[in-house]
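J.: This is the structure I want to talk about, given as structure tokens.
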Amino acid sequence: MGAWRSITTWGAPPGFNMGLDEALLLDPEAPPTLRFYSWKPDTLSLGYFQKFAEVEGAGRAGAVVRRITGGGAIHHVGELTYSFTAPATDALFAGTIGESYQRIHLAIAAALERFGVRADLRGKGRELASEREGTGMCFHHSTCEDLVWEDKKGVGSAQRRKDGRVLHHGSIKLATSDLEGEIATLEEVCGAVDPGELAQELRRVFALRLGIESEIDVPTPVERERAKELGARYLDPVFVRRR
């Protein structure tokens, strides 16, 4: 497999965003891909195993999708979403699943230092100020590998492994929303941050710390078409509300 590529899709529709991640996961010929993206309209993404009715405010977002990855619901607004898609044999995913989370999150923490944010892994036996019971929201619940600062969770991610390939995608919070409330954000530490500027710094740090030298590229016409085909399912009310 060749070198990594880096693609961005700013302000993309929610079905397309999820469809492209899945298209990259399912294509055994796709090169290792680092992706940065944002959403329009604001979108609530449910974890694959969540029940729609148990997520507070699920009806108040601009759109709702159900991810193919697990975890809690994320309100995709005021954030940078990122994804890695590559063969499971890639060095990024070496060791246990937990070790791959830590590897990625520690690299993100190093990039956040450039913006004055001192983030670290939550670790064991630590209860955060952002923890809330019963909301179903990703940033109101944390695990040992999640990235936190100001005693709150600010980065969450999830993985899907299929047929020897891995999709790891996650959310870095630039600002909060009414659905997420008191969570860690870059805005509370250093003011407004441009998602493109953060993406550029992440690419630089990923090259230094993870060995991911990526060439700027765009999705191929075939990938775009496949993303549109797959993306329709993510907006299907039956799929979204199926649990």
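J.: crowded, with 18+ Cβ neighbours inside 10 Å and closer than 21 Å to Ser214 by Cα: which single residue out of Arg160, Arg165 fits that description?
T.: Numbers: Arg160 fails: closer than 21 Å to Ser214 by Cα.
So the residue among Arg160, Arg165 that is crowded, with 18+ Cβ neighbours inside 10 Å and closer than 21 Å to Ser214 by Cα is Arg165.
J.: Now for a different question. Does any residue of the range 217-235 turn out to be surrounded by 13 or more Cβ atoms within 10 Å (Cβ to Cβ), touching a His at 6+ places or on another chain (Cβ under 8 Å), not aliphatic (A, V, I, L, M) and not in a loop (DSSP other than H, G, I, E, B)?
T.: no
J.: Filter the range 173-189 down to residues that are among the hydrophobic types (A, V, I, L, M, F, W, C) and in a loop (DSSP other than H, G, I, E, B) and give me whichever is farthest from Met137 (Cα to Cα). Walk me through it before giving the result.
T.: We begin by selecting, within the range 173-189, every residue among the hydrophobic types (A, V, I, L, M, F, W, C); these are 174-175, 179, 183-184, 186, 189.
Still in the running and in a loop (DSSP other than H, G, I, E, B): 174-175, 179, 183-184, 186.
Working: Leu174: 17, Ala175: 15, Leu179: 8, Ile183: 11, Ala184: 14, Leu186: 19 Å.
Going through the qualifying residues, I end up with Leu186.
J.: OK, next. Could you check, for the range 93-103, whether at least one of its residues is in contact with a helix residue (DSSP H, G or I) (Cβ under 8 Å, 6 or more places away or on another chain), polar (S, T, N, Q) and part of a helix (DSSP H, G or I)?
T.: yes
J.: Where residues in the range 188-216 are of a type in the set (D, E, K, R) and surrounded by 14 or more Cβ atoms within 10 Å (Cβ to Cβ), which of them is nearest to Arg35 (Cα to Cα)?
T.: Initially, the range 188-216 is screened for residues of a type in the set (D, E, K, R), giving 188, 194, 197, 201, 203-204, 209, 213, 215.
The next check asks that each one be surrounded by 14 or more Cβ atoms within 10 Å (Cβ to Cβ); those that pass are 188, 201, 203, 209.
Values: Glu188: 25, Glu201: 13, Arg203: 10, Arg209: 17 Å.
Ranking the candidates gives Arg203 first.
J.: Restricting the search to the range 132-150, which residues are out of contact with any Leu (no Cβ under 8 Å at 6 or more places or on another chain) and loosely packed, with under 15 Cβ neighbours inside 10 Å?
T.: Glu133, Gly134, Thr143 - these are the residues of the range 132-150 that are out of contact with any Leu (no Cβ under 8 Å at 6 or more places or on another chain) and loosely packed, with under 15 Cβ neighbours inside 10 Å.
Every number in this text was worked out from the coordinates using simple rules, so none of it is lab data. From a predicted model like this one, the values you see are computed outputs, not experimental measurements. Cβ: placed from backbone, ideal geometry, glycine included. Neighbour counts: every protein chain shown.
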